[in-house]
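Below you'll find the structure, written out as structure tokens, and then a few comments.
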Amino acid sequence: MAGRLSRTKIRALLIGPAAAVIGIFVVIPLMLMAWISIQGRDYSGGVIWGELSGEAYLRMIFERELDDSLAVNFNYVLIILRSVWLSFLTTVISLLVGFPTALFMATRTPKWKAILVFMVTLPFWTNLLVRNYAWILLLRDHGAINGTLSWLGIISEPLPLLHTQLAVAIGLTYSFLPFMVLPIYASLEKMDLRLVESAFDLYATRLMTLRRIIIPLAVPGIVAGCILVFVPSLGAYVTPELLGGGKTLMIGNLIGLQFGAARNWPFGAALGILLLALVMISLTFYALKLKNTGGNTQ
Amino acid sequence: MRDNTDNIAISVRGVSKIFDEGVNAFVALDNVSLDIGSNEFFTLLGPSGCGKTTLLRLIAGFEQPSQGQILLNGENLEQLPPFKRPVNTVFQNYALFPHMTIAQNIAFGLEMLGRPRQEINSTVDEMLELVQMKALADRRITQISGGQQQRVALARALAPKPKVLLLDEPLSALDLQLRKDMQIELKRLQLETGITFIFVTHDQEEALTMSDRIAVMQGGHILQIGSPRDIYEHPQHRFVAGFIGEINLLRATTGKATPEGLELRLGEMRGLEAKAKKQVSSGAKLTLAIRPERILLAGQDKEPLTGKLTNVVYHGTDTLYHFDLPDGQAMRARRQNSDKTGPEWKIGDTISWSAKPDSIAVLED
Ligand SMILES: Nc1ncnc2c1ncn2[C@@H]1O[C@H](COP(=O)(O)OP(=O)(O)O)[C@@H](O)[C@H]1O
Ligand SMILES: [Mg+2]
């Protein structure tokens, strides 16, 4: 009897810290954000606590005219769509670059595998801000790329590279590529290479083996990689801020703006909720995808 | 080597395989030559690491020979990648595709060959029938037992109707009873399909019961090729003799030539004769091999040779008698328990024995 009781206590004590961490760092802030998003706006920043208002959500699509009537305003929708589009683009580029990289890594000798995995994680050792600044030096009008091209005489005017959607996509790909490579590598690495030989034995060409055997078996890694790139890209702040300039705002920047210069906390919080919803949707897609493949991943 | 060159499916000619050229060079196969007839059930038998898998991989095209050639129906395979060779493999671990059903696994080879859908379906049905897996066609590979996986691997490799089927220790993962059943099954499939089987095993019993011919390998060499009876009755090497079945290896010296062949002496003891193929000078030392069941045992003074019983082990169908020769060499003889009581020899008794000349093999070392 006493033993049972103390076991329950021990369980509570063991679960306690984890529950506290999740509560303090995840649940409470989320509730706060959801609450703030439906509060009245205090024009000097912050909110009017207790004054319920759906204004923040209306503001995503509508604009209030001077006479208090609503007019459709697609500016924010545009930013949201652009965020989704740029994240999608980033995911696709990362996949196209990351899959062959992972396949190459997974087919090396154990010693080379260790070295290559280390090299893929190397960018994490430097600050994200610094890494994005490095791209400014490469992409700007008189930067490394334009400089080289004009020195070679290929162009006379610098190409507009910096402050474009392409620059943002490149920056995001660069930032999140390891999140694509590593899960795909993990699923390819544990794949039995004899299955590849088996496919060759059964008259499959290299391309067919890739299509029918290697890619299907790497699906869990591919899906995980896509989620891991898409989700942080959607909320990216630093990269579009530095490489996108004012013209290519993403949701992250918009949210930052609401809590800063625009002093519209409810709207910022509402956008945060929207971002969360978008992430949830893509995660649901992931779960469904896993279910479809029957979780059959060895 | 076989006489009839028209019926040779696979011809391995002077093939060597050296892994990791340079400092770490390792010779896995050393100048191996053999011809395998079409419709033959040919077995590569040898201990682990002797190069059996390597030879199969060379035939399948996963590795290239460092030296020599491999011919299929007289055509050099050198330039053909594995996916163009009409040769299929049943892998040691089966290597079935885990993301496909049984039927999809079997259909894979046919799809890659671009066969029409209708033909694929009917061949898959036929194969499922052949390996008695029809009821499980739509199961996933992960949902069936090891023995069933083994059958699927067979069906998958047989479906494209290859000229040659390579089987790399396909039964080694199965438990004893299943293994026995599959041995019979495999033999049946080979007879039914008429496909050349090249079967790899380290189990001598399996090799003896299933094969038309056996090649015994050791350390990258082929020591002897012959029918199971040949290999068992007339081993030419000490290794072959010792690896296959139970055998007495005895040091002997040669006496004079006799009408039958050659007189042999075990220490001072005379009375053993062998059919000598080669001319051996009198007084030469050599090794003979005699199967325990070929030794005729009798009571004292009935046969020309003697021995002292050191142990008697009852095995049901037969009894194993351990005895020492006068020169100290230990021997074993097996005697069928064909009547209820059997002889009443006890440990310490002196017995007599003999062996017919054609039961004695004179070995090369
Ligand atoms: N890819 C390889 N690289 C180096 N050595 C190898 C390789 N494949 C096999 N070997 C060596 O060649 C020898 C024969 O191997 P294998 O043909 O697999 O033997 P078996 O199938 O008879 O057990 C072994 O000693 C093995 O270590
Ligand atoms: Mg092997």
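The values are calculated or read from the model by the stated rules, or taken from the named source; none is laboratory data. Here the structure is a predicted model, which is why all the values come from computation and not from measurement. Positions of Cβ are generated from backbone atoms using ideal geometry, with glycine treated the same way; all protein chains shown enter the neighbour counts. What goes into the accessible areas is simple: the full protein's heavy atoms, side chains included, and nothing from ligands, DNA or RNA. Shrake-Rupley method; radii C 1.70, N 1.55, O 1.52, S 1.80 Å.
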Quiz prompt | Lone unmet requirement of (1) within 14 Å of another protein chain (Cβ to nearest Cβ); (2) of a type in the set (Ser, Thr, Tyr); (3) in contact (Cβ under 8 Å) with a residue 60 or more places away in the chain for A:THR209 | solution = (3)
Quiz item: Condition test on B:ALA153, is it part of a helix (DSSP H, G or I) and within 16 Å of ligand 2 (Cβ to nearest atom)?
Solution: yes
Quiz item: If you go through region B:103-150 one residue at a time, how many are within 13 Å of another protein chain (Cβ to nearest Cβ), open to solvent by 70 Å² or more (accessible area, probe 1.4 Å) and charged (D, E, K, R)?
Solution: 4
Quiz item: Is there a residue in region A:215-222 that is buried (at least 20 other Cβ atoms within 10 Å of the Cβ) and outside any helix (DSSP H, G or I)?
Solution: no
Quiz item: Across region B:56-86, which residue is farthest from the other protein chains (Cβ to nearest Cβ) among those that are outside any helix (DSSP H, G or I) and touching a residue at least 60 places away in the same chain (Cβ under 8 Å)?
Solution: B:GLY74
Quiz item: In this structure, does B:VAL32 turn out to be buried (at least 21 other Cβ atoms within 10 Å of the Cβ), aliphatic (A, V, I, L, M) and within 12 Å of ligand 1 (Cβ to nearest atom)?
Solution: yes
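Which residue, of B:ALA107, B:ALA60, is within 16 Å of ligand 1 (Cβ to nearest atom), closer than 24 Å to B:GLN149 by Cα and of a type in the set (A, V, I, L, M)? Lay out the reasoning, then the answer.
On the way: B:ALA107 fails: within 16 Å of ligand 1 (Cβ to nearest atom).
Only one candidate passes the filter, namely B:ALA60.
May I ask you to verify whether A:VAL97 is among the aliphatic types (A, V, I, L, M), touching a Pro at 6+ places or on another chain (Cβ under 6 Å), in the same structural domain as A:TYR185 (by TED's automatic domain parsing) and touching a residue at least 12 places away in the same chain (Cβ under 8 Å)? Outline the logic, then answer.
Details: among the aliphatic types (A, V, I, L, M): yes; touching a Pro at 6+ places or on another chain (Cβ under 6 Å): no; in the same structural domain as A:TYR185 (by TED's automatic domain parsing): yes; touching a residue at least 12 places away in the same chain (Cβ under 8 Å): yes.
It is false that A:VAL97 is among the aliphatic types (A, V, I, L, M), touching a Pro at 6+ places or on another chain (Cβ under 6 Å), in the same structural domain as A:TYR185 (by TED's automatic domain parsing) and touching a residue at least 12 places away in the same chain (Cβ under 8 Å).
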Practice problem: Test B:PHE97 against the criterion of being over 30 Å from B:PHE239 (Cβ atoms), more than 16 Å from ligand 2 (Cβ to nearest atom) and not in a loop (DSSP other than H, G, I, E, B), and give yes or no. | Solution: no
Quiz item: Got a number for residues in region B:269-283 being at pLDDT 85 or above and either more than 25 Å from B:GLY328 (Cβ to Cβ) or over 31 Å from the mean Cα position of the chain (by Cα) (or both)?
Solution: 2
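Residues that are open to solvent by less than 60 Å² (accessible area, probe 1.4 Å), assigned by TED's automatic domain parsing to the domain that holds B:PHE42 and within 16 Å of ligand 2 (Cβ to nearest atom): find the strands (runs of 3 or more DSSP E) completely inside region B:172-231 holding 3 or more of those. Talk me through it step by step, then tell me what you get.
Numbers: elements: B:196-201, B:213-218, B:221-226.
Hits in region B:172-231: B:196-201, B:213-218.
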Quiz item: Is there any pair with a first residue in region A:8-29 that is more than 23 Å from A:ALA269 (Cα to Cα) and not assigned by TED's automatic domain parsing to the domain that holds A:ALA270 and a second that is among the hydroxyl-bearing types (Ser, Thr, Tyr) and exposed (fewer than 10 other Cβ atoms within 10 Å of the Cβ) whose Cβ atoms are under 6 Å apart and which are 6 or more apart or on different chains, and what are they?
Solution: none
Quiz prompt | Long-range neighbours under 6 Å by Cβ, at least six apart or interchain, first residue closer than 22 Å to B:ARG85 by Cβ within region B:9-34, second within 16 Å of ligand 2 (Cβ to nearest atom) and of a type in the set (S, T, N, Q) | solution = B:LYS17/B:THR54; B:ALA28/B:THR54; B:LEU29/B:THR54
Quiz prompt | Residues of region B:316-331 classified as under 21 Å from B:THR287 (Cα atoms), part of a loop (DSSP other than H, G, I, E, B) and not hydrophobic (A, V, I, L, M, F, W, C), total | solution = 4
Quiz item: Of the residues B:GLU246, B:GLU273, which is under 30 Å from B:ALA215 (Cα atoms), surrounded by fewer than 16 Cβ atoms within 10 Å (Cβ to Cβ) and touching a helix residue (DSSP H, G or I) at 6+ places or on another chain (Cβ under 6 Å)?
Solution: B:GLU246
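Among A:ASN127, A:ASN73, which is the only one that is out of contact with any Pro (no Cβ under 9 Å at 6 or more places or on another chain), at pLDDT below 90 and open to solvent by less than 40 Å² (accessible area, probe 1.4 Å)?
On the way: A:ASN127 fails: open to solvent by less than 40 Å² (accessible area, probe 1.4 Å).
Going through A:ASN127, A:ASN73 in turn, just one is out of contact with any Pro (no Cβ under 9 Å at 6 or more places or on another chain), at pLDDT below 90 and open to solvent by less than 40 Å² (accessible area, probe 1.4 Å): A:ASN73.
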Exercise. Pick out the one residue from A:GLU197, A:GLU189 that is open to solvent by less than 50 Å² (accessible area, probe 1.4 Å), in the same structural domain as A:MET105 (by TED's automatic domain parsing) and within 30 Å of B:PHE108 (Cα to Cα).
Key: A:GLU197
Practice problem: Please go through region B:14-29 and pick out each residue that is open to solvent by 50 Å² or more (accessible area, probe 1.4 Å), within 11 Å of ligand 1 (Cβ to nearest atom) and β-branched (Val, Ile, Thr). | Solution: B:VAL27
Practice problem: Please state which one of B:THR43, B:THR89, B:THR53 is within 16 Å of ligand 2 (Cβ to nearest atom), in contact (Cβ under 8 Å) with a residue 24 or more places away in the chain and open to solvent by 40 Å² or more (accessible area, probe 1.4 Å). | Solution: B:THR53
Quiz item: What is the residue count in region A:97-155 for residues that are outside any helix (DSSP H, G or I) and of a type in the set (S, T, N, Q)?
Solution: 4
Self-check item: Odd one out for A:TYR203 among (1) in a helix (DSSP H, G or I); (2) touching a Gly at 6+ places or on another chain (Cβ under 8 Å); (3) within 14 Å of another protein chain (Cβ to nearest Cβ)
Solution: (1)
